[in-house]
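Novice: After the structure tokens below, expect a handful of questions from me.
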Amino acid sequence: MRDCGTDPRVGGAARALSLSGEHGALWLAAGLAGAVADRERRTAWLRATALIGSAHLASMAVKRVVRRPRPRLALLPLVRTAGRHSFPSSHASSAVAAAVAFGALRPAGHRLVPPLAAAMCVSRLVVGVHYPTDVAAGALLGGVTAGLGTKWMRGAHVRPL
């Protein structure tokens with residue numbers, strides 16, 4: 001996958017996705033923007049944002065326990081990383097948590113967020129900072145975290161889809 005990043009367009013897109021997803025920033029900002037824009041569902045948006053943050057924090061905790069080093073590839077990574085450990089991918093955790101939470105919150109989120117979350121996950125392989133199992137485990141952790149919290153999030157006066 002890292003070889004795909006040698007194409008400037010692919011590498012540039014992967015870098016942009018990776019940078020925007022650092023510490024879950026893209027997803028947390030989207031959740032806060034939703035809370036501002038959708039007054040009727042403000043509490044649900046804030047709870048969705050909390051689920052995304054929880055998934056990110058859970059992945060950071062697992063990283064501290066597992067301590068798997070990042071890949072050492074023939075090609076240099078396209079981005080710098082905040083830490084030395086790769087398992088699980090925190091980008092994947094927050095991205096999939098956002099897909100689950102925003103998808104449960106709004107029909108548009110169900111259609112728009114999963115492809116962007118998938119691209120975010122793949123970008124971590126293209127920039128060369130994760131193994132595929134890091135991304136798979138991060139995605140699973142994010143999906144489970146948000147899935148377990150969806151009922152709590154929806155309890156915030158969200159109309160059924």
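The values are calculated or read from the model by the stated rules, or taken from the named source; none is laboratory data. Keep in mind the model is a prediction, meaning the values are calculated, not measured. Neighbour counts run over all protein chains shown; Cβ positions are idealised from the backbone, glycine included. The area values use the complete protein model at the heavy-atom level, side chains included, leaving out ligands, DNA and RNA. Shrake-Rupley method; radii C 1.70, N 1.55, O 1.52, S 1.80 Å.
Novice: Kindly provide the set of residues from segment 87-126 that are in contact with a helix residue (DSSP H, G or I) (Cβ under 7 Å, 6 or more places away or on another chain) and surrounded by fewer than 24 Cβ atoms within 10 Å (Cβ to Cβ), ordered by number. Full working, then the answer.
Specialist: Pass one, segment 87-126, residues in contact with a helix residue (DSSP H, G or I) (Cβ under 7 Å, 6 or more places away or on another chain): 87-105, 109-110, 113-114, 117, 119-121, 123-126.
Correct list: PHE87, GLY103, ALA104, GLY109, HIS110, VAL113, PRO114, ALA119, LEU125.
Novice: Keeping to segment 14-43, report how many residues are within 22 Å of THR81 (Cβ to Cβ), of a type outside the set (A, V, I, L, M) and either open to solvent by 20 Å² or more (accessible area, probe 1.4 Å) or part of a helix (DSSP H, G or I) (or both).
Specialist: Within segment 14-43, the first condition is being within 22 Å of THR81 (Cβ to Cβ), and the residues that meet it are 14-29.
From what is left, the residues that are of a type outside the set (A, V, I, L, M) are 15, 18, 20-24, 27.
If we keep only those that are either open to solvent by 20 Å² or more (accessible area, probe 1.4 Å) or part of a helix (DSSP H, G or I) (or both) too, we end up with 15, 18, 20, 22-24, 27.
Residues flagged as within 22 Å of THR81 (Cβ to Cβ), of a type outside the set (A, V, I, L, M) and either open to solvent by 20 Å² or more (accessible area, probe 1.4 Å) or part of a helix (DSSP H, G or I) (or both) within segment 14-43 amount to 7.
Novice: For LEU140, indicate whether it is among the aliphatic types (A, V, I, L, M), assigned to a helix (DSSP H, G or I) and open to solvent by 50 Å² or more (accessible area, probe 1.4 Å).
Specialist: On the way: among the aliphatic types (A, V, I, L, M): yes; assigned to a helix (DSSP H, G or I): yes; open to solvent by 50 Å² or more (accessible area, probe 1.4 Å): yes.
So LEU140 fits the description; yes.
Novice: What single numbered condition from (1) open to solvent by less than 50 Å² (accessible area, probe 1.4 Å); (2) more than 18 Å from LEU32 (Cα to Cα) fails to hold for ALA82?
Specialist: For ALA82, the exception is condition (1).
Novice: Examine segment 70-89 for a residue that is within 17 Å of the chain's Cα centre (by Cα) and part of a helix (DSSP H, G or I), and state whether such a residue exists.
Specialist: no
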